[in-house]
1. Out of the residues in the range 60-79 meeting the condition of being in a helix (DSSP H, G or I) and within 30 Å of Ile213 (Cβ to Cβ), tell me which one is least open to solvent (accessible area, probe 1.4 Å).
2. Can you tell me which residue in the range 80-94 is least open to solvent (accessible area, probe 1.4 Å), limited to those that are over 17 Å from Pro116 (Cβ atoms) and touching a residue at least 24 places away in the same chain (Cβ under 8 Å)?
3. May I ask you to say which residue of Arg387, Arg365 is open to solvent by 10 Å² or more (accessible area, probe 1.4 Å) and either modelled with pLDDT of 90 or more or under 14 Å from the mean Cα position of the chain (by Cα) (or both)?
4. Report, by residue number, each residue of the range 392-429 that is more than 18 Å from Arg376 (Cβ to Cβ) and either open to solvent by 20 Å² or more (accessible area, probe 1.4 Å) or outside the structural domain of His309 (by the TED database) (or both).
5. Pick from Ser226, Ser178, Ser216, Ser182: which is part of a loop (DSSP other than H, G, I, E, B), over 22 Å from Asn295 (Cα atoms) and among the hydroxyl-bearing types (Ser, Thr, Tyr)?
6. Within the range 131-167, track down each residue that is small (Gly, Ala, Ser), assigned to a loop (DSSP other than H, G, I, E, B) and over 20 Å from the mean Cα position of the chain (by Cα).
7. Confirm whether Ser346 is in contact (Cβ under 8 Å) with a residue 24 or more places away in the chain and surrounded by fewer than 22 Cβ atoms within 10 Å (Cβ to Cβ).
8. Answer yes or no as to whether Glu283 is at pLDDT 90 or above and open to solvent by 50 Å² or more (accessible area, probe 1.4 Å).
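The values are calculated or read from the model by the stated rules, or taken from the named source; none is laboratory data. Being a predicted model, the structure only gives us computed values, none of them experimental. Cβ atoms come from the backbone with ideal geometry, glycine included; neighbour counts cover every protein chain shown. Quick note on the areas: whole protein, heavy atoms, side chains included, nothing else; ligands and nucleic acids left out. Shrake-Rupley method; radii C 1.70, N 1.55, O 1.52, S 1.80 Å.
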Amino acid sequence: MLSKPTFFAFIIVAFEALFILQQWRHPIFHFLLLPYFFFAIKTYFLKSKQPRPVYLVDFSCYKPPSKCKVPFSTFIHHASMIEAFDTESVEFMAKTLVSSGLSQETYLPPALHCIPPKTHHRESINEAQMVLFPVMDELLSKTKLSPRDIDILIVNCSGFCPSPSLSSIIINKYSMKSDIKSYNLSGMGCSAGTIGVDLAQNLLKTHENKTAIVLSTEILSTGWYSGHEKPKLILNCVFRMGGAGILLSNKKQAENTSKYKLIHSLRTQRAYDDTAYYAVYREEDSRGILGVTFNKDLLQAVSETLRSHITLLGSQILPFTEQIFHVISILRKKLIDKSAEIYTPSLKTVVQHFCLPSSGKPLIREVAKGLNLNGRDIEPALMTLHRFGNQSSSSWWYELGYMEGKGRVKKGDKIWVLGLGTGIKCCSLVLECLRPIVEDDKKSPWK
């Protein structure tokens, strides 16, 4: 099949040949072809400047070994034996666990099973290797690639930033090529996983015929809090082990082998606002012990961040009719009937599946309320929280794996991946399923 520029060029040549054969030498006949000529040139250059689509070829999720499981009774028993915690702190953590939405089968790294917990630098390195190496191995095995086939590597971990970096640890372990473009993201909270994919997409738009890997995890041994302040003790209770690897490519052949195509991404933040900036904040307590504070304004800050983010996202992906109904309802309320309700456009007209932040039950339900989502829509987030806990930046890929395992994702379906992180930062990815998903992965954490 001919492309549009080739087709128009063919038409122009054909007409010029006709004019010559018919001896129509008057300039008017040649001027008539000029618009078509310029249109063909313009179309050709516009098409040549368009970056190739970015495909999500496959992803892998880490399932920790059974020895790392931490039932509530074990967690509370160990906490009561740690001298740094008083009785009130242990009771608070027990209540938080019971209401958290976590199950008895979540995981903590070996360093945090020790009494007292080991939070040394070497333990954090061991934890990073324990999570990232199996994720990388599985991803390369799934996609039948060699480490030297990777052109871009992005590793994100919010709380642990060693030197050499985590990305250098991966490059060293797998003897990756010398000209690989590597990036290490830290301090970006739970949104770093989606931000890493957004960064990979932008790099693939400017570098043709490349393959990228994004590795997402959170190292818990470096974030453990051994103090008495309740807002800082929450992290100990809900954050658990996890990690994910995502392989993206803009190669032409990836279209036939990939699971998804990345069709849209959007990043916004409210770090300019003090309420949002201090909603989740790492600081020392009154005794000089470092911890992450979850302030009471967190849900309010999340709501405001999501409201502006979704408004912008909706203007870019919603059907024109949905946007018109929304504008009409606003005008009606302002000019005709002040008691009338404003029509809220539904993202479900575009998106069939949702990967939401699994930071905790209150946050999941708050997001669901704002988006008018039902129980089935938020089930992947709640089940990921229940089975694996809050895995920070890697949670969304466990949710997508859950939906694949349930056979819910069909060819042509669109998935909205919503990342929220400290700041507060918000990053959305919209994926389109390219082929039927047959879940035959024996290493899937949901198997």
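1. The initial filter retains those residues of the range 60-79 that are in a helix (DSSP H, G or I), namely 66-68, 72-79.
Subsequent filtering for residues that are within 30 Å of Ile213 (Cβ to Cβ) retains 66-68.
Details: Ser66: 88, Lys67: 157, Cys68: 2 Å².
Applying the filter and picking the extreme gives Cys68.
2. So the residue we want is Phe92.
3. On the way: Arg365 fails: either modelled with pLDDT of 90 or more or under 14 Å from the mean Cα position of the chain (by Cα) (or both).
Exactly one of Arg387, Arg365 is open to solvent by 10 Å² or more (accessible area, probe 1.4 Å) and either modelled with pLDDT of 90 or more or under 14 Å from the mean Cα position of the chain (by Cα) (or both), namely Arg387.
4. Lys411, Gly412, Thr422, Lys425
5. Numbers: Ser226 fails: over 22 Å from Asn295 (Cα atoms); Ser216 fails: part of a loop (DSSP other than H, G, I, E, B); Ser182 fails: part of a loop (DSSP other than H, G, I, E, B).
Ser178 is the lone residue from the list that is part of a loop (DSSP other than H, G, I, E, B), over 22 Å from Asn295 (Cα atoms) and among the hydroxyl-bearing types (Ser, Thr, Tyr).
6. Ser146, Ser163, Ser165
7. On the way: in contact (Cβ under 8 Å) with a residue 24 or more places away in the chain: yes; surrounded by fewer than 22 Cβ atoms within 10 Å (Cβ to Cβ): yes.
Yes; evaluated as a whole, the condition is true for this residue.
8. Details: at pLDDT 90 or above: yes; open to solvent by 50 Å² or more (accessible area, probe 1.4 Å): yes.
It is true that Glu283 is at pLDDT 90 or above and open to solvent by 50 Å² or more (accessible area, probe 1.4 Å).
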